[in-house]
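J.: Structure in structure tokens, see below.
The values are calculated or read from the model by the stated rules, or taken from the named source; none is laboratory data. Given the structure is predicted, the values throughout are model-derived calculations rather than measurements. Positions of Cβ are backbone-derived with ideal geometry, glycine not excepted, and every protein chain shown enters the neighbour counts. Quick note on the areas: whole protein, heavy atoms, side chains included, nothing else; ligands and nucleic acids left out. Shrake-Rupley method; radii C 1.70, N 1.55, O 1.52, S 1.80 Å.
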Amino acid sequence: MKRIGMLTSGGDCQALNAAMRGVAKTLFNAKEQVEIYGFLDGYQGLIYSRFRLLNYHDFSGILTKGGTFLGSSRTPFKTIREPDAEGLDKVAAMKQTYNKLQLDCLVILGGNGTHKTAHLLSTEGLNVVTLPKTIDNDLWGTDMTFGFQSAVDVATNAIDCIHTTAASHGRVFIVEVMGHKVGWLTLNAGMAGGADIILIPEIPYDLDKVVAKIRERHERGSRFTILAVAEGAISKEDAKLSKKEYRKKLEESKYPSISFEIAEKLTKKSGFDVRVTVPGHTQRGGSPCPYDRVFASRLGSEAGKLILDGSYGFMVGYKNREIVKVPLEEVAGKLKMVDPNASIVQEAKMLGICFGD
């Protein structure tokens, strides 16, 4: 009999349930007997031994449901080696839970921080298989993460909706898209939604060039301008600051986010009426789009196959339109950034999209 543990860690997203369903159905449909233990609220469930034995019916009817039926939480990797408030060794506790249940493998669904801890557990002797979850699409070793395309759909819809009111009132609108460190979501949603200006963390912006783009559109007779701005967008001036200096600036800022700072400065520099819309956590919510349902199911199925084959220490990824297995040591601690010289950026610029650079 195979005994499998499963958990979802970090921020939630669409298709987590679909991915877990893919793993479970593959295992249940194999000839070998299997028990699946679901840990509640991510690594917290593994640390504090909060789990329940799952059966076939737990994975029925969840393909189209967003979120995660196991619950999730953030357990920062930078403090994973530090004892909890009661002095508990978190890593030792996770290993103890794993061994107590006599697990053959731990299936972990998550993003960058989650994969750092997954790799740590793998080096500590636990059998681990992971699945790439994040709306940011910033995991190293995979061309795509599930949740990303669904989030692009939500963010694009927000931009689509803003177009009509922006055109009606002749305003400049900023739509703030999720993404603190990378701009894949903003870039794709901005292009799909017809944004005129896209600001992402990897390409520091010059506000004067943003103003010039708005004025250029106005002179051409356009009544409005749409900006898709990543929440981690940064000006060229701020990009010159050290991390410590920039963090201090953000802590002392009067603005709730970068978009509101940009809006105020644009209003002063250009004289145009600038408004901000923040879709926020709606980008992580709702049902997964059809692409993510299929994609997550495929990844889950391949994870199930790895478990049946006894092949551990891998993330199931997607490279060159094929499902692949990627060693965890190649994934943990790396970010897949937008290359400012990437073809998609150059193509966007040829379409007339301004990046503020």
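J.: Among Gly286, Gly232, which is the only one that is under 23 Å from Val175 (Cβ atoms), open to solvent by 30 Å² or more (accessible area, probe 1.4 Å) and not in a helix (DSSP H, G or I)?
T.: Gly286
J.: Six or more apart or on different chains, Cβ under 6 Å: which pairs go from a residue in region 217-231 that's among the hydrophobic types (A, V, I, L, M, F, W, C) to one that's open to solvent by 10 Å² or more (accessible area, probe 1.4 Å)? Could you list them?
T.: Cβ pairs passing all conditions: Phe224/Ala167; Phe224/Gly170; Phe224/Arg171; Ile226/Phe173; Ile226/Asp196; Val229/Glu176; Ala230/Pro201.
J.: Does region 95-106 hold any residues that are farther than 15 Å from Glu124 by Cβ and surrounded by 13 or more Cβ atoms within 10 Å (Cβ to Cβ), and which are they?
T.: Within region 95-106, Leu101, Asp104 meet the criteria.
J.: I'm checking my understanding of the structure. Among residues of region 70-89 that are open to solvent by less than 40 Å² (accessible area, probe 1.4 Å) and not hydroxyl-bearing (Ser, Thr, Tyr), which one is nearest to the chain's Cα centre (by Cα)?
T.: In this case the residue turns out to be Gly71.
J.: Give the residues of region 250-283 that are part of a helix (DSSP H, G or I) and aromatic (Phe, Trp, Tyr), sorted by residue number. Please lay out each step first, then the result.
T.: Narrowing region 250-283 to residues part of a helix (DSSP H, G or I): 250-252, 258-270, 280-283.
Answer for region 250-283, where residues must be part of a helix (DSSP H, G or I) and aromatic (Phe, Trp, Tyr): just Phe260.
J.: Give me the pairs: first residue in region 178-201 and more than 17 Å from Arg284 (Cβ to Cβ), second residue open to solvent by 10 Å² or more (accessible area, probe 1.4 Å) and not in a loop (DSSP other than H, G, I, E, B), beta-carbon distance under 6 Å, and six or more apart or on different chains, which are they?
T.: Every condition considered, the pairs that remain are Ala192/Thr156; Gly193/Thr156; Gly193/Asp160; Ile197/Lys213; Ile197/Cys354; Leu199/Tyr205.
J.: Then there is this: Please state which one of Ala92, Ala158 is open to solvent by 10 Å² or more (accessible area, probe 1.4 Å), without any contact (Cβ under 8 Å) to a residue 40 or more places away in the chain and assigned to a helix (DSSP H, G or I).
T.: Working: Ala158 fails: without any contact (Cβ under 8 Å) to a residue 40 or more places away in the chain.
Going through Ala92, Ala158 in turn, just one is open to solvent by 10 Å² or more (accessible area, probe 1.4 Å), without any contact (Cβ under 8 Å) to a residue 40 or more places away in the chain and assigned to a helix (DSSP H, G or I): Ala92.
J.: Please find, among Thr186, Thr142, Thr123, Thr134, the residue that is open to solvent by less than 10 Å² (accessible area, probe 1.4 Å) and under 27 Å from Pro327 (Cβ atoms). Explain how you work it out, then say what you get.
T.: Working: Thr186 fails: under 27 Å from Pro327 (Cβ atoms); Thr123 fails: open to solvent by less than 10 Å² (accessible area, probe 1.4 Å); Thr134 fails: open to solvent by less than 10 Å² (accessible area, probe 1.4 Å).
Testing whether each residue is open to solvent by less than 10 Å² (accessible area, probe 1.4 Å) and under 27 Å from Pro327 (Cβ atoms) leaves just Thr142.
J.: Of the residues Val278, Val331, which is farther than 30 Å from Phe59 by Cβ, under 19 Å from the mean Cα position of the chain (by Cα) and open to solvent by less than 80 Å² (accessible area, probe 1.4 Å)?
T.: Step by step, each of Val278, Val331 is checked, and only Val278 is farther than 30 Å from Phe59 by Cβ, under 19 Å from the mean Cα position of the chain (by Cα) and open to solvent by less than 80 Å² (accessible area, probe 1.4 Å).
J.: Next question. Looking only at region 20-39, count every residue that is assigned to a loop (DSSP other than H, G, I, E, B) and farther than 18 Å from Gln102 by Cα and tell me the total.
T.: So the first thing to find is which residues in region 20-39 are assigned to a loop (DSSP other than H, G, I, E, B), and the list is 29-33.
Adding the requirement that they be farther than 18 Å from Gln102 by Cα leaves 29-31.
Number of matching residues: 3.
Residue-wise test of (1) more than 24 Å from the chain's Cα centre (by Cα); (2) surrounded by fewer than 19 Cβ atoms within 10 Å (Cβ to Cβ).
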{"site": "Met315", "(1), (2)": "no, no"}
{"site": "Lys319", "(1), (2)": "no, yes"}
{"site": "Val338", "(1), (2)": "no, no"}
{"site": "Met350", "(1), (2)": "yes, yes"}
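J.: Looking at (1) at pLDDT 95 or above; (2) small (Gly, Ala, Ser); (3) surrounded by fewer than 16 Cβ atoms within 10 Å (Cβ to Cβ), which is the only condition Gly304 fails?
T.: (3)
J.: Tell me which residues, restricted to region 64-104, are farther than 27 Å from Gly147 by Cβ, modelled with pLDDT under 95 and in contact with a helix residue (DSSP H, G or I) (Cβ under 7 Å, 6 or more places away or on another chain).
T.: Matches in region 64-104: Arg81, Asp84.
J.: Which members of region 205-229 meet the condition of being in contact with a strand residue (DSSP E or B) (Cβ under 6 Å, 6 or more places away or on another chain) and either open to solvent by 10 Å² or more (accessible area, probe 1.4 Å) or assigned to a strand (DSSP E or B) (or both)?
T.: Selection gives Tyr205, Lys213, Arg217, Thr225, Ile226, Leu227, Ala228, Val229.
J.: Gly67 fails exactly one of the following numbered conditions: (1) open to solvent by less than 60 Å² (accessible area, probe 1.4 Å); (2) free of Cβ contacts under 8 Å to residues at least 12 places away in the same chain. What is the number of that condition?
T.: Looking at each condition in turn, Gly67 falls short on (2).
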